[in-house]
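Student: Could you have a look at this structure, given as structure tokens, before my questions?
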Amino acid sequence: MLKAYVNSFKIPDLRNKILFTLAILALCRVAAGIPTPGVDAENLTKLFEAMKQGAGGGLLNIFNLFSGGALQKFAIAALGIMPYITASIVIQLLIPVIPSLEKLRREGESGRQKINKYTRYLTLLVCIVQGTAATKFMMNPGQLMQQAKGIEVVHNPGPVFAITTVIFLTAGTMLLVWLGEQISDRGIGNGVSLIITINILSRVPSAIAGLASLARGGGAGGGNLIYVLLLLAMFFAVCAATVALTQGQRKIPIRHARRSAGRGSAQGQTSYLPLRVNYSGVMPIIFGSAVLMFPMLVFRVVPFTQTWAQYFQRGSLTYMISFGIIIILFSFFWVSTQFKPTQIAQNLQKQGGYVPGIRPGQPTATFLDNTMTRITFAGSLFLTGIAIMPMVLAREFDIPMTVAAFFGGTSLLIMVSVLLDTMRQIEAYLLSHRYDGFLDKGKLRSRSGF
């Protein structure tokens, strides 16, 4: 495997793509360190410390993780790339519902470009909404957070600060989107996914510091080296399970009928239709986190319901149960909108292909639908376990969320899926130039991050 990394820099085209990608990712990290004007950095640190100790601290850590620490600094990239991800999810959900979008998807490259344009427009709208909410909170944090009362983050709050800050935050996110597209076009691909991944990886030093604190005596079981070693062993086990979930698939054998070609006949071939175990990727986790964010915010604002917010605090038992149910339901919903068994069965029938033991046409569609349903159920349960794992560790074992976030959830799934897909693309370059790939046996399967 190490030889494959060395060989990657022997191919001029691949070397240029890798260096260009690294340079763009460095610019993204620079954007995450430039604070917005008019914010008191010292009081901002106090605000985040107070919020971490109260309700919603776990959710705050997740947003800060995805932004690569930019939220804690309230940098111009504080919103991160998540508004674009939100817009992409909304567009993907609307494509099966709106006929015009469905028609664009079938038009090929031209239709994809138009859909990307609509996604950027929606990203701009999401940035304005989220930027306005974040700016309003910074101007008066005590209005929504009891523990934040008395902390003044903004030097001169007012309309001028609000308008300029929303412009800075929106421009920061749109800059990240443009940089991500540059990586996809001129780099090694997966631009937006790589930006999120590098933001998550930038928090690894904080996680290591938290793990060192546990070894010295912080948290339940702290001061015990065996306890820390068990955590490391659990981390590698969860990583292996996440890789298995990401790469796992059920292969449906497809046989093609023998065809006549002139005086001879072409022998029938056998291929496979791969059905991924985790067909929906990280979408259910992102959707579940977004949905469960609203009840807590509403209960804090509406009078006489403030005490109900504790039931939807991230890490509570009610939150985890609701989170798991939403993940399972959304997994089935996503598969139902993206996986079309009837269309697949029709295409197979037109191409002369069939599943052994299953009649072509509607019986094949029913077989594929039933098979995908069973696979989705197993995958959604596995996905729920990985998603809830960090909250269980933080709740039951008093592990800091900065450490627990790397034991599952969205962060680990994104890192695994994106890094595997990036390695697959680099491996394709190596194999095309007669170099060995990363694996001596088997191969890396294609898997998009989102």
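The values are calculated or read from the model by the stated rules, or taken from the named source; none is laboratory data. What you see is a predicted model; the values in this text were computed from it and never measured. When we count neighbours, we look across all protein chains shown, and the Cβ atoms used for this are built from the backbone with ideal geometry, even at glycine. To get the accessible areas, we keep the full protein, side chains included, count just its heavy atoms, and leave off ligands, DNA and RNA. Shrake-Rupley method; radii C 1.70, N 1.55, O 1.52, S 1.80 Å.
Student: Work out the FRET efficiency for Leu431 and Ala26 from their Cβ-Cβ distance, taking R0 = 25 Å, and round it to the nearest 0.05.
Tutor: Working: r = 29 Å, r/R0 = 1.14.
Here the calculated transfer efficiency is 0.30.
Student: Additional query: Where does each of 226-237, 338-349 land if you order them by average Cβ count within 10 Å, highest first? All intermediate terms of the calculation are to be shown ahead of the outcome.
Tutor: Working: 226-237: 12.7, 338-349: 16.3.
Ranked from most to least packed, the peptides come out as 338-349, 226-237.
Student: Using R₀ = 35 Å, calculate the FRET efficiency as 1/(1 + (r/R₀)^6) where r is the Cβ-Cβ separation of Ala257 and Leu93; round to 0.05.
Tutor: Between Ala257 and Leu93 the formula returns 0.40.
Student: Quote the FRET efficiency, to the nearest 0.05, computed for Asn16 versus Arg120 with a Förster distance R0 of 25 Å and r equal to the Cβ-Cβ distance.
Tutor: Computed FRET efficiency for Asn16 and Arg120 comes out at 0.40.
Student: Oh, and also: Can you give the net charge of the other residues whose Cβ lies under 10 Å from the Cβ of Arg105, counting K and R as +1 and D and E as -1?
Tutor: +2
Student: Suppose all protein chains stay in the model; what accessible area per residue would a 1.4 Å probe give for the chain, in Å²?
Tutor: I get 50 Å² per residue for this part.
Student: If you average the sequence gap of Cα pairs under 8 Å that are 6 or more apart and divide by the length of the chain, what percent do you get for the contact order?
Tutor: 18
Student: Can you give the net charge of the other residues whose Cβ lies under 14 Å from the Cβ of Ser202, counting K and R as +1 and D and E as -1? Write out the running numbers ahead of the final one.
Tutor: Values: positive: Arg29, Lys73, Arg203; negative: none.
Result for the neighbourhood of Ser202: +3.
Student: In a shell of Cβ-Cβ distance under 14 Å around Lys340, excluding Lys340 itself, what net charge do Lys and Arg (+1) and Asp and Glu (-1) give?
Tutor: Numbers: positive: Arg105, Arg106; negative: Glu102, Asp369.
Net charge around Lys340: 0.
Student: Measure off, as a whole percent, the carbon and sulfur share of the 1.4 Å-probe accessible area of the chain, all protein chains present.
Tutor: Ligands and nucleic acids excluded, carbon and sulfur give 63 percent.
Student: Something else about it: Starting from the amide H of Ile252, placed 1.01 Å from N in the peptide plane, find each other amide H under 5 Å away whose residue is 5 or more places distant or on another chain.
Tutor: HN-HN under 5 Å from Ile252: Leu273, Leu275.
Student: Considering the options Ala237, Val204, Pro341, tell which one lies farthest towards the positive end of the dipole of the chain, charges being +1 on Lys and Arg and -1 on Asp and Glu at the Cβ, about the Cα centre.
Tutor: Farthest towards the positive end: Pro341.
Student: Which ³J(HN,Hα) values in Hz, rounded to whole numbers, follow from the phi angles of segment 243-250 under the Karplus curve 6.51 cos²θ - 1.76 cosθ + 1.60, where θ = phi - 60° and Gly and Pro get x?
Tutor: My calculation for segment 243-250 gives 4, 4, 5, 5, 8, x, 7, 9 Hz in order.
Student: Sticking with this one: Using 0.36 nm per residue of separation minus the Cα-Cα distance, give me the extension gain between Arg374 and Ala171 in nm, one decimal.
Tutor: 68.7 nm is the gain from fully extending Arg374 to Ala171.
Student: Which order do the peptides 242-253, 273-284 come out in when sorted by mean C-beta neighbours inside 10 angstrom, highest first?
Tutor: 273-284, 242-253
Student: Residue separation times 0.36 nm, minus the C-alpha to C-alpha distance between Leu229 and Phe294: what's the value?
Tutor: Details: separation 65, 0.36 × 65 = 23.40 nm, distance 3.78 nm.
Contour length minus Cα-Cα distance gives 19.6 nm.
Student: Using alpha carbon centroids, what distance separates segment 169-200 and segment 328-354, in Å?
Tutor: Between the Cα centres of segment 169-200 and segment 328-354 lies a distance of 31 Å.
Student: Here is a further query. Under a straight-distance cross-link criterion of Cα-Cα below 24 Å, which lysines are reachable from Lys46, leaving out those fewer than 8 residues away in the same chain?
Tutor: Lys73, Lys136, Lys149
Student: How far apart, in nm, are two points set 7 Å out from the Cα along the Cα-to-Cβ line at Val160 and at Ala209?
Tutor: 3.5
Student: So, one more: Say a paramagnetic label sat at a point 7 Å from the Cα of Thr132, along Cα to Cβ; which residues of segment 154-171 have their backbone N under 19 Å from it?
Tutor: From segment 154-171, the list is 157-171.
Student: Next question, about the same structure. How much solvent-accessible surface does Lys136 expose, in Å² to the nearest 10, with a 1.4 Å probe and all protein chains in place?
Tutor: Spelled out: Lys136, probe radius 1.4 Å, area about 130 Å².
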